Each structure stands twice: as structure tokens, then as C-alpha cells.
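The values are calculated or read from the model by the stated rules, or taken from the named source; none is laboratory data. Worth saying up front: this structure is predicted, and the values here are computed from it rather than measured. All Cβ positions, even for glycine, are placed from backbone atoms using ideal geometry, and neighbour counts span all protein chains on display. Just the protein is used for accessible areas: all its heavy atoms, side chains included, with ligands, DNA and RNA removed. Shrake-Rupley method; radii C 1.70, N 1.55, O 1.52, S 1.80 Å.
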Amino acid sequence: MKDLPSLTLKRQIKASPARIFKAWTDPAKLVHWFGPRETEEGSVVAETDLRVGGAYNIRFRSSDGREHGASGVYQEVVPDEKLVFTWTWLEMPEMPTLMTITLRGEEGGTMLTLTHALLADEATVASHRDGWEGAIDKLERFVTRGAKK
């Protein structure tokens with residue numbers, strides 16, 4: 001099997017690792033920020049069973065009306081520090097990928113590192129980069145809302 005490409009994004013966010021971890025793992029929080037920029041507001045549905053071997057399912061609708069969804073299984077759960085989980089688009093069940101989210105507390109906030117591995121090709125990396133950058137922008141707005149500047 002050839003080496004498959006991956007995508008890594010890093011972002012300094014002015015929020016605690018605990019707050020960001022909760023936003024990634026609590027379905028009541030996920031629905032407020034998840035999805036790329038063009039996600040239709042109010043369309044996100046999320047379920048999580050946050051434990052190693054537990055599953056999650058996320059669905060959303062883009063502004064063009066198309067339904068999207070992903071599901072997977074948690075491989076590693078270290079509260080406020082790390083999540084590793086499989087990621088399979090419902091439209092492409094034959095192409096499971098792997099997500100790793102790490103949170104490192106730093107002065108003034110948290111360094112979030114997102115790695116999406118086992119992507120099919122460079123075109124897939126590019127489309128996922130745009131989607132994840134939009135999602136991280138929305139995550140940052142969500143977790144810093146109401147925070148002191």
C-alpha cells in the first residue's frame with residue numbers, strides 16, 4: 001500500500017484545553033460550531049459515546065442543500081489533551097481515515113493541532129484543508145465567545 005497523504009493544521013486559541021475538548025466531544029456544543037464555512041446554520045446533528053471503542057456520528061447540511069455525514073470510533077481519549085478517532089464519510093464508507101486532535105495548554109490559551117491522515121490524494125487534502133480551516137475558525141469563535149480579551 002502506498003503512503004497516503006495527511007493534513008496537519010495548528011491554531012493558537014485563547015481558550016483552555018478543557019473548554020476546547022468539551023466543544024469537540026459534547027454533542028450539545030458540537031452542533032454550534034461543527035462543519036465547514038458553508039454549513040447551514042442549525043443543520044448539525046451530533047451523537048458521541050466518548051470512550052475508547054465508543055462511536056460518534058455527525059451530520060450536517062451545506063448551504064447548497066447537500067447532506068453530509070461522518071462517523072467513526074474513538075481510538076484514544078485523553079481528557080483535555082488528545083482525541084484519536086477514525087473518520088469515515090457516509091458517502092465514502094470504503095475510505096476510512098484517521099483524525100488526531102491534540103491540545104497543549106500554553107500561556108494565553110491552547111495550541112490545537114489537527115491531523116487528518118490516510119487521505120486518498122492531494123485533491124482530497126486540499127478540500128479537507130478548506131473544510132477543517134472553516135471548522136476551526138467556527139470552533140475558535142465558539143470557545144472564545146464571552147471570554148475576556
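Structure remark: mean-square fluctuation, Gaussian network model of the chain, C-alpha springs under 10 Å; the largest value among Ala120, Ala70, Ala15 belongs to Ala120. Distance from the C-alpha centroid of the range 72-146 to that of the range 1-36: 4 Å, rounded to the whole angstrom. Working note: Karplus 6.51/-1.76/1.60 with θ = phi - 60° gives the range 101-113 the couplings 10, 10, 10, 10, x, 9, 4, x, x, 9, 8, 9, 10 Hz, where Gly and Pro are set to x.
Taken over the chain, lysine pairs spaced eight or more positions apart, or on distinct chains, with alpha carbons under 17 Å apart number 9.
Order Phe34, Phe142 by their accessible area, 1.4 angstrom probe, all chains in place, largest first.
On the way: Phe34 10, Phe142 35 Å².
Correct descending sequence by accessible area is Phe142, Phe34.
Grab the other residues whose beta carbon is less than 15 angstrom from that of Gly72, score K and R as +1, D and E as -1, and report the net. Spelling it out: positives minus negatives among the neighbours equals -3. Charge dipole of the range 49-97 (Cα centre as origin; +1 on each Lys and Arg Cβ, -1 on each Asp and Glu Cβ, all else neutral): 100 debye, rounded to the nearest 20. Sequence-ordered 3J(HN,Hα) estimates for the range 5-18 from the Karplus curve with 6.51, -1.76 and 1.60 and θ = phi - 60° stand at x, 9, 10, 10, 10, 10, 8, 7, 10, 7, 7, 6, x, 4 Hz, glycine and proline given as x. Axis angle, to the nearest 10 degrees, between helix 122-144 and the longest C-alpha principal axis of the chain: 20 degrees.
For the chain, what relative contact order do you get, as a whole percent, if you take Cα pairs closer than 8 Å and at least 6 residues apart? Before the final figure, lay out each step's value.
On the way: 311 pairs, mean separation 45.6, N = 149.
Across the chain, relative contact order equals 31 percent.
Hey, any idea what % of the chain's accessible area is carbon plus sulfur with a 1.4 Å probe?
Working: 4200 of 8090 Å².
Of the solvent-accessible surface of the chain, carbon and sulfur hold 52 percent.
Rolling a 1.4 Å probe over the protein heavy atoms gives the chain an accessible area of 54 Å² per residue. Solvent-accessible area of Trp89, all protein chains in place: 50 Å² (probe radius 1.4 Å, heavy atoms, ligands and nucleic acids excluded).
Rolling a 1.4 Å probe across all protein chains gives Val31 an accessible area of roughly 50 Å².
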